[in-house]
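Asks: Before I ask anything, here is the structure I am working with.
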Amino acid sequence: MAKPLILDIESMRASALQATSVLRTLANPDRLLLLCQLSQGEKSVGELESLLGIVQPTLSQQLGVLRREEMVNTRRSGKQIYYSVKDPKVLVILNQLYALYCGDHNGR
């Protein structure tokens, strides 16, 4: 008979807090769109604005949230700031969301 799995509740609690933080951040449509674009590779602020049609104040605000939540990397080149997804786990989530909601069958 197999031994029952003993779960480390403190470790699970820490992981649950981390997961809920990521999910909370992804729950905003503008942030989700930004991260979906960034999942395809590094983009400048101007590129993101053009691709998504998000106006500058909203774009800056949502990129600020993503920076505070440590979900994006930033790189400055001259006057341009470039963003990319920081956490590989977030890329896995974004890829799964794409497969479920944006793929050929749109989640059906």
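The values are calculated or read from the model by the stated rules, or taken from the named source; none is laboratory data. Predicted, not measured: the structure shown is a model, and the values here were computed from it. When we count neighbours, we look across all protein chains shown, and the Cβ atoms used for this are built from the backbone with ideal geometry, even at glycine. In case anyone asks, the SASA skips ligands and DNA or RNA and just uses the protein heavy atoms, side chains included. Shrake-Rupley method; radii C 1.70, N 1.55, O 1.52, S 1.80 Å.
Asks: With labels modelled as points extended 7 Å from the Cα through the Cβ direction, what inter-label distance (nm, one decimal) is found for K79 paired with C102?
Replies: My value for the distance between the label points is 3.0 nm.
Asks: Same structure again: In whole percent, how big is the carbon plus sulfur part of the accessible area of region 24-108, probe 1.4 Å, protein atoms only?
Replies: About 49 percent, which is the carbon plus sulfur part of the accessible surface.
Asks: Using each residue's phi in region 69-84, evaluate 6.51 cos²θ - 1.76 cosθ + 1.60 at θ = phi - 60° and report the 3J(HN,Hα) Karplus result to the nearest Hz, with x for Gly and Pro.
Replies: Per residue, the Karplus-derived 3J(HN,Hα) values read 7, 6, 9, 10, 9, 10, 9, 9, 9, x, 8, 8, 10, 10, 10, 8 Hz.
Asks: What whole-number value in Å² describes the accessible area per residue of the chain for a 1.4 Å probe?
Replies: Result: 72 Å² per residue.
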